[in-house]
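What follows is a set of notes on a single structure, which appears directly below.
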Amino acid sequence: MKNRRESGIRLVVILLTALLILGATIRCFNRTKTGLEEEIQNTLRDVAQQNVMAVQNEIKGKYNLLVSIAEELRDYSGKKEDILSNWKAVTGVYHLKRLGYANADGTVHTTDGFEGNLSFRDFFKMGMNGEVEITDALTDTLGIPEKINVFSVPVYERNNKDVQGVLFATYRTAKFRDSLDITFFENQGYSCIVKKDGAVILDASNSPLEGAENIFDTMMEADEKNRNTADNMLHDMRTGGTGEGSCLLDGEEQYFYYTPLNVVEGNVEWYMLTVVPSSVLTERIRPILTDVGRFLAVLIVGVDLMVFFYLYSYRKQKQELVRLAYVDNLTQGDNFACFCKKMEARDAKQGFMVALGIRDFGFINDTCGLKKGDEILKAMWEILQKNIQSGELSARIGGDDFILFVPGEREERILEKVHQLDEKIRLLAYQLSVPAIVPYFGIYRIQGKDTAEKAYGFASLARHLVKERQDESYAFYNEEERKRLVEDHRMESEFDDSIEHRRFEVWYQPKCTMNNRVVGSEALVRWRDKDGALVPPFRFIPLFEKNGMISRLDEYVFEAVCMQQKAWKDEGKQLLPISVNISRVSLYYPDVVEKYQKIVQKYGLDPDMVQLEITESALIGNDGITSLVKSFHKAGFKLLLDDFGTGNSSLSSLNMMCFDTLKIDKSFVDHVGEEKGETLLSYIVNLARNFGMSITAEGVETEAQAEFLDKLHCDDIQGYYFSKPLPCQEYEEYVKKASALEINA
Ligand code: C2E
Ligand code: CA
Ligand code: CA
C-alpha cells in the first residue's frame, strides 16, 4: 500500500517535472514569437514612417510647385496656355508627365501639347470648387493611356475669391510608386496608400493588391473573419488614428500597420498601410523553431534517459533492499524476516518451531577460524535444505542460530526429525575436519495464534535450557523454566540498583555451645525486593555464581559485616567472630585476599573477627586454592571449611588446606540416631580434631542431635535448635538474652 503510494507520488513528480520543462520551453518559444512579432510590427511602423516621409516630401514638393505656378497664373493676365510652355522644363525636374491648365469650361492645355476637355474629371470639378486634390490612379486620357495620378489646385482670380481655372500636374503612377518601393523583409513586405474610406490610391510595385479598389472590400472578400479588424481599421481611419493588426489575405495571415499621411494641409487625408505576410514571421521563426525543436528533443531524450536510469537504479536498489531484507548473506537462503513472512502467509500454523545451534560455536570459530566457521554454517544450512520436506520452513537467524518449522501434531515426528538432523550435523566434524560439532535443539509446540517471533522466542528459550545439559541435545519448551529464566533476568537487572540502595540485608545465625553460650555467628544474606518481600539465598546465589555477580555481593556482605562489627566495637560491646560466606567464584579473583584485607583494615578490625567460610566444593578444580588459603592465613583470617561432606573432596584435602574449622553439613547431622550415621560423625570429628581443626555442626534441629554432637566434643552448634538466622537487631537481643542467662546460671 505504502509502496504503491510512493510510486504514485514519484510518477506524479516525474510527470510534473516533464510538464514544467515542456511549459518552460513553450513559454520560451512563445516569448520568442511575441518578440519577433513585436519586431515585425516595429519594422512595419518604421517602414511606414519612412514611406510617409518619402511620399509626403514627394507630394509636398509637387504641391508647392503647383501653388507657386497657380499664383503666377493668377497674376498673368494673358492667355494661360501661353506661359505654360515656360514650365515645360520644370516637368522634367519634378518627374512630371505634364503640367496642364483647365479653363473654367474644362478646356485643357498641357505642357506636352495636348488640348482637350477634362470637365468630366472629378479633380477639375473639385478644383473649380477651390479644393486641392490628388487623385487615385487614373488612366491617362490625354496621352499614352497609362496609370497616372493627378495633382490639382485651383487658380484664383486676382481677387483670390473666384476660381478662374484649375492647374494640374500629371504624375506617372509608376513614378509615384518609386517612393513606396522601399524594400523590407526581403521584399515580402509592401506598402500602399489608401484613402480613409479604404480606396486604394497607390500600391507598391510588389503589392499583391494590384487591382484592388478598396482595401476593406478586399479584406471582407478574403475572409469573413476580417470583419472586426476591418471595422476597427475603418473607425481608426475616420478618426485619424494609427493602428496595427493582422488579417487574412490570400489565405495567409498578414500583419499590417496604418498611419495617416498628411498630403496637403486640409481636407485630403490618406493612409499609409504597410503589410507583411506572416510567412515572413514563420521564415524568421523557423530557425528558432528548429533550434527549439532540437533542444526539446535533446531535453526529452535527456529527461527520458534520466527517468529511465532513475527508475532502473531505483528498481535495482529496491531489489537489493528486498534481497538484503529477506536473504541471509552467508547462506543466501531465507533469513528470519523472510521466514516470518512465509509463516504469516500460512493458513495452518499448527506444528513445531525448532531453534537449533551448535554447542560452543564461538570456540570452534576461535580455534578453526572464521572462514571454517562460515563453512560449517553453510554446510549446516545445506543439511537443513536437504532434509526439509514440503510444508516445512527454515532460516538462518544469525551466527549459529537456525530455525525450523515442522507442521503437524505428533511429537514423534519432530523428534525423528531432530535426531536425523543431529546425526547429520555431527558428521560435519569429519567431513570438514574440525573438532566435534554438537548441535542442540529447542522445540516449541505452536499454540493457537502464536506469531513466528513468539514461537521462535520459546523455541530458543528451550534451546537455552538444553545448552546447560550435556546429556541431552534437545528440550521442549517448559513454562516453569521460562518463568524461572524471566525471574533470573529480572534479578540480574535489579542487582546493581539493589547494591546501591542496600537492599541486600545481612542476617546472623548464632553458633552456640550446649550451655546456650553464643560463641559467634554466621552472616547470611537476604534480598529485600522492591515490594518488601524477602528473597532467600537459594533463589539468587546460584544465579549470581553463574554470571559472576556473586563476588560483588560477597564483598558487599563482608563489608557490611565489618561495618557492623565496627559499630559494636565502637559501642563497647564484646565482639564475637562472625563467619562470612565467600563463593568459589570469588576465589578465582587473584586480588581477593588483598581486597578483603583492605576492607578489614578500613574498619580497624582484627581479621579474626570476620572469618571466611569456603564451601568444600570450591576445592575441586581450583589448583590455586592451597596458596590462597595460605595467603588468607597470612593476612590473619580464619578459614572454615563449609558444607563438609557434600563436595566429594578427598579427606586428604583436609590436611593440605589447613582449615581452622570444619563445618559438618546438615546431611551428616540428620543421621544422628542412626548407628552408621553416628559412627561416621564420630570418625569425622576425631579426624578433624587430629588435624587440629575446631568443629562446628550445622543444621542442628533437635535436642538429640545437639546432645550427640556435644558428646562428640563439637566446639559449637549452629541450627534451628538454637536459633534461625536473625535480622541484626534480633540477633543482638538474642546475644544479650543468652549472656544474661549464662550469667544467671
Ligand atoms: P550455608 O552457608 O550452608 O548456610 C547455612 C544454611 O542452612 C542457611 O541457609 C541457614 O538458614 C540454613 N540452616 C541453618 N540451620 C538450619 C537448620 O537447623 N535447619 C535447616 N533446614 N536449615 C538450617 P540460607 O541462609 O538459606 O543460606 C543458604 C546458602 O546460601 C548458604 O548455605 C550459603 O551457601 C549461601 N549463602 C548465604 N549467604 C551467603 C553469602 O553472603 N555469600 C555466599 N557466597 N553465599 C551465601
Ligand atoms: Ca556457610
Ligand atoms: Ca553450610
So who's got an amide H within less than 5 Å of the one on E146, skipping anything under 5 residues away but keeping other chains? H placed 1.01 Å off N, in plane.
-> D140
Amide H contacts under 5 Å for Y156, restricted to residues at least 5 apart in sequence or on another chain and with H modeled in the peptide plane, are Q164
Just reorder M272, M514 by solvent-accessible area, largest first, 1.4 Å probe, all chains present.
-> M514, M272
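Note the count of lysine pairs whose C-alpha atoms are less than 22 angstrom apart in the stretch 436-518, limited to pairs 8 or more residues apart or on different chains.
Value for the stretch 436-518: 4.
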Residues of the stretch 149-277: accessible area per residue at 1.4 Å, in Å²?
-> 43 Å²
Got a sec? Which residues in the stretch 188-226 would a label at L234 touch, if it sits 7 Å along Cα→Cβ and we count backbone N under 17 Å?
-> 194-200, 213-226
Sorted by chain and number, the residues with a modelled amide H under 5 Å from that of R359, at a separation of 5 or more or across chains, are V438, Y440
Once both label points are put 7 Å beyond Cα along the C-beta direction, the Y312-L11 separation in nm becomes 2.2 nm
Sorting G302, F691, S627 by the position of each Cα along the dipole of the chain (Lys, Arg +1; Asp, Glu -1; all at Cβ), the one nearest the positive end of that ordering is F691
Treating the angle as unsigned and between 0 and 90°, give the value, to the nearest 10°, between the Cα long axis of helix 278-326 and the longest Cα principal axis of the chain.
-> 10 degrees
Express the accessible area of the stretch 548-692 per residue in Å², computed with a 1.4 Å probe while the remaining protein chains stay in the model.
-> 47 Å²
What FRET efficiency do you get for A635 and N478 if R0 is 56 Å and r is their Cβ-Cβ distance, rounded to the nearest 0.05?
-> 0.75
So what's the angle, to the nearest 10 degrees on a 0 to 90 scale, between helix 592-602 and the longest Cα principal axis of the chain?
-> 80 degrees
Classify the stretch 516-603 as rounded, prolate or oblate from the Cα gyration tensor: take a ≥ b ≥ c as the square roots of its eigenvalues, call it rounded if a/c is under 1.5, otherwise prolate when a/b beats b/c and oblate if not.
-> oblate
Karplus-derived 3J(HN,Hα) from phi for the stretch 182-196 (6.51 cos²θ - 1.76 cosθ + 1.60, θ = phi - 60°), whole Hz, x at Gly and Pro, runs 8, 7, 8, 6, 6, 6, 8, x, 8, 10, 8, 10, 10, 7, 5
Of Q41, L142, F114, which is farthest on the positive side of the dipole of the stretch 1-159, counting Cα position, with +1 on Lys and Arg Cβ, -1 on Asp and Glu Cβ, and the Cα centre as origin?
-> Q41
Pull out a ≥ b ≥ c, the square roots of the eigenvalues of the alpha-carbon gyration tensor of the stretch 533-673, then state rounded if a/c is under 1.5, prolate if not and a/b is larger than b/c, and oblate in the remaining case.
-> rounded
Tabulate in residue order the Karplus-calculated ³J(HN,Hα) for the stretch 44-53, using 6.51 cos²θ - 1.76 cosθ + 1.60 with θ = phi - 60°, rounded to whole Hz; enter x for Gly and Pro.
-> 4, 4, 4, 4, 4, 4, 4, 4, 4, 4
Once both axes come from the Cα atoms, what is the angle between helix 537-547 and the longest principal axis of the chain, in degrees from 0 to 90, rounded to 10?
-> 60 degrees
First measure r as the distance between the Cβ atoms of E38 and K225, then evaluate 1/(1 + (r/R0)^6) with R0 = 22 Å and state the FRET efficiency to the nearest 0.05.
-> 0.45
Is the stretch 171-267 best put as rounded, prolate or oblate by its Cα gyration tensor, with a ≥ b ≥ c the root eigenvalues, rounded for a/c under 1.5, and otherwise prolate when a/b is larger than b/c, oblate when not?
-> oblate
Fully extended, how many nm does the chain gain between R552 and D112 (0.36 nm per residue separation, minus their Cα-Cα distance)?
-> 144.1 nm
A337-I26 FRET efficiency (beta carbon distance; Förster radius 51 Å; 0.05 resolution) = 0.55
What base-10 log of the normalised intensity I(q)/I(0) is obtained for the chain from the Debye formula, alpha carbons as equal point scatterers, at q = 0.08 Å⁻¹?
-> -0.89
Which pairs in the list K318/K371; K318/K386; K595/K736; K630/K711; K62/K125; K663/K711 are over 26 Å apart, alpha-carbon to alpha-carbon?
-> K318/K371; K318/K386; K595/K736; K630/K711
Per residue value of the accessible surface for the stretch 22-116 (all protein chains in place, 1.4 Å probe), Å² = 50 Å²
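What does the highest-first list of 673-686, 547-560 look like by mean Cβ count within 10 Å?
547-560, 673-686
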Read phi for every residue in the stretch 507-521 and hand back ³J(HN,Hα) as whole Hz from Karplus 6.51 cos²θ - 1.76 cosθ + 1.60, θ = phi - 60°, with x for Gly and Pro.
-> 10, 10, 10, x, 10, 10, 9, 4, 8, 6, 6, 8, 9, x, 7
Solvent exposure ordering (accessible area, 1.4 Å, most first) of H489, H109, H95, H633 = H489, H95, H633, H109
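Would you calculate a helix-derived [θ] at 222 nm for the chain, using -39,500 (n - 2.57) for each DSSP H run of n ≥ 4 and dividing by the full residue count, to the nearest 500?
Rounded to the nearest 500, it is -16500 deg cm²/dmol.
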How much of the accessible area of the chain, in percent, comes from carbon and sulfur atoms when a 1.4 Å probe is used?
-> 52 percent
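The values are calculated or read from the model by the stated rules, or taken from the named source; none is laboratory data. Because the structure is predicted, anything quoted here is derived from the model rather than measured. Virtual Cβ from ideal backbone geometry, glycine too; neighbours counted across all protein chains shown. SASA here: full protein model, heavy atoms, side chains in, ligands and nucleic acids out. Shrake-Rupley method; radii C 1.70, N 1.55, O 1.52, S 1.80 Å.
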